[in-house]
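The values are calculated or read from the model by the stated rules, or taken from the named source; none is laboratory data. Computed from a prediction, not measured in an experiment: that's the story for all the values here. Glycine gets a Cβ as well: all are built from the backbone with ideal geometry, and neighbour counts include every protein chain shown. To get the accessible areas, we keep the full protein, side chains included, count just its heavy atoms, and leave off ligands, DNA and RNA. Shrake-Rupley method; radii C 1.70, N 1.55, O 1.52, S 1.80 Å.
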Amino acid sequence: GGTAKGNILDNIKTITTFFRKANPNVKFCFLVHHRFSEKTLTPENRLVMENLKTLEDMGITVVDWGSLVYDVYSGKTAVPGSRMTYDRHSFVISQSASDGHHQNMLAGYITALMTWCAITGDSAVGQEYRFTGNPKVNSAS
């Protein structure tokens, strides 16, 4: 019962409360998917996006990896020094290979770095990236 908004936010609150009882210092992150920028959302996801401030008020760090990759593949921003041309499938598994919206290794790596930076406050400059499947990303070679 209840509304989708109530259900999903209540579920998030239940989960965070459970883990905070075990460890009051536990950190939570909400990872914003690229589909939020594409505006291809389920009703539940739309409600979460409308309530990101509520999540932040609950002590959850919002990590918006989706806007970063969307801005690159939509042409809103450029990757400094890159010799690549990016499209959606530079970051997302292609429709023919899967369901067309899950991250590939590069987007997964970007998400991991952004999450690590959000939690630690450290910079990701200089981190290894060759394993992402394409070493030419941000490379002079």
At a 1.4 Å probe radius, carbon and sulfur cover how many percent of the accessible area of segment 1-96? 54
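FRET efficiency for Glu44 and Ser74, Cβ-Cβ distance as r, R0 = 25 Å, nearest 0.05?
0.55
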